[in-house]
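K.L.:
To start, I am sharing the structure in question, which I have written as structure tokens.
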């Protein structure tokens with residue numbers, strides 16, 4: 001039997017504006033949006049003036065709540081997903097760091113089961129085809145040159161659920177792998193790269209359409225050597241991942257990118273590791289030892305940033321505190337990543353969209369998360 005729920009006295013984050021009103025959903029689908037007196041329903045939720053937004057969508061997430069996707073543990077992965085769901089992330093890719101090939105294959109197989117159960121939206125391979133010069137927290141011991149055989153084995157293990165792969169385009173045979181991935185419907189992200197401006201432009205022409213955590217793990221900009229960042233910024237077909245955790249990107253650059261590229265090109269990601277939601281201390285990122293102090297994760301051996309401990313609701317609060325218009329930050333957490341994943345049924349408050357919803361109070365703290373079952 002169908003049951004209808006109405007959320008009333010809310011501020012609705014619509015595509016063009018935040019407006020007061022109510023929203024109804026039936027069997028997990030938005031069936032009504034309006035102002036004034038809400039219709040009768042089986043269940044009513046009083047938003048008390050809170051902000052109702054679409055469920056957040058994370059393109060880049062390695063784990064949380066003490067658990068890592070690279071560990072290839074089914075139950076641990078589900079607990080990481082549940083942790084982020086409590087912070088408003090209702091759709092996510094599970095990201096794998098560079099690890100021994102057999103380990104990555106095993107993790108792809110485990111995560112494919114979760115994707116088949118529609119618990120995650122797919123798998124993101126952050127490696128192994130990365131630049132040793134820009135590896136960041138990726139273990140250089142397991143980085144390899146792009147190889148179609150290695151690529152095919154990972155894709156086969158993922159059983160059609162690898163949706164995204166990060167590649168350094170300057171490496172030998174990188175363009176071959178980029179073209180193969182694009183032909184297979186996989187989003188190619190440029191990241192952990194020492195590529196020149198021209199090589200990055202060539203990779204974009206070959207089909208790369210995403211920047212892995214813009215500014216981080218990328219050859220820096222210089223006025224005589226514009227590098228990959230300039231090519232990514234000036235290419236309108238490229239979506240830009242950004243980690244808004246207060247450590248990875250200065251808020252002035254955050255404002256710059258939102259102002260000059262627009263929220264339709266920005267996907268706010270967590271790049272969270274197992275330590276997200278856990279106390280400061282010692283953690284693992286695959287084979288790497290990580291120290292978390294003050295909520296900032298770094299490699300124990302050299303102090304390099306090692307992912308983040310943030311959540312997407314925290315990213316929303318940081319962006320707004322930095323001066324980003326609320327609706328722009330919400331767009332970068334919802335409809336933009338939905339477009340990257342070709343998930344046209346979510347990421348927006350509209351009729352017939354999936355009713356993945358997050359209700360926030362006036363301090364942008366989560367009051368309730370409504371996530372639909374697979």
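Coordinate-derived values only; no laboratory data. It should be emphasised that the depicted structure is a prediction, and the values quoted were computed from it without experimental measurement. Here the Cβ positions follow ideal geometry from the backbone for every residue, glycine too, while neighbour counts run over all protein chains shown.
K.L.:
Provide the three semi-axes, in whole Å and in decreasing order, of the ellipsoid equivalent to segment 195-334 as defined by the square roots of 5 times the Cα gyration tensor eigenvalues. Write out the running numbers ahead of the final one.
P.N.:
Values: eigenvalues 135, 79, 31 Å².
Taking √(5λ) for each eigenvalue gives 26, 20, 12 Å, largest first.
K.L.:
Give me the tail of P(r) for segment 1-151 as a percent: Cα-Cα pairs with distance above 22 Å.
P.N.:
Numbers: 6238 of 11325 pairs.
Taking all Cα-Cα pairs of segment 1-151, the fraction more than 22 Å apart is 55 percent.
K.L.:
A further question follows. Which of 81, 143, 165 ends up with the largest GNM mean-square fluctuation for the chain, with Cα atoms connected below 10 Å?
P.N.:
Maximum among the listed residues: 143.
K.L.:
Then there's this: Show me 188-201, 244-257 ranked by packing, highest mean number of other Cβ atoms within 10 Å first.
P.N.:
On the way: 188-201: 23.4, 244-257: 17.9.
Going from most to least packed, we get 188-201, 244-257.
K.L.:
Let me ask something else about it. Under the √(5λ) rule applied to the eigenvalues of the Cα gyration tensor, what semi-axes describe the equivalent ellipsoid of segment 132-212? Give them in Å, descending.
P.N.:
Working: eigenvalues 69, 51, 24 Å².
So the equivalent ellipsoid measures 19, 16, 11 Å along its semi-axes.
K.L.:
Follow-up. Hull surface divided by four, with the convex hull built on the Cα atoms of segment 301-374: how many nm²?
P.N.:
On the way: hull surface 29.2 nm².
Average projection, Cα convex hull of segment 301-374: 7.3 nm².
K.L.:
If we sort 125-134, 177-186 on the protection proxy, mean other Cβ atoms within 10 Å, highest first, what's the order? Don't skip to the end; give the middle numbers.
P.N.:
On the way: 125-134: 22.9, 177-186: 17.5.
Highest-to-lowest ranking by the protection proxy: 125-134, 177-186.
K.L.:
If the chain between residue 18 and residue 102 were fully stretched, how many nm would it gain, using 0.36 nm times the residue separation less the Cα-Cα distance?
P.N.:
Numbers: separation 84, 0.36 × 84 = 30.24 nm, distance 4.82 nm.
Taking residue 18 through residue 102 to full extension adds about 25.4 nm, to one decimal.
K.L.:
Semi-axes, largest first, in whole Å: what does sqrt of 5 times each Cα gyration tensor eigenvalue give for segment 145-274?
P.N.:
Details: eigenvalues 122, 60, 33 Å².
Ellipsoid semi-axes (Å, largest first): 25, 17, 13.
K.L.:
Return the inverse of the average 1/r over all pairs of distinct C-alpha atoms in segment 56-340, which is the Kirkwood hydrodynamic radius, in Å to one decimal.
P.N.:
Evaluated over segment 56-340, this radius sits at 18.3 Å.
K.L.:
Under 25 °C and 0.890 mPa s, how fast does segment 58-113 diffuse according to Stokes-Einstein, given a Kirkwood radius computed over C-alpha pairs? Answer in µm²/s, whole number. Please list the in-between numbers first.
P.N.:
Numbers: Rh = 11.2 Å.
D, rounded to a whole number, is 220 µm²/s.
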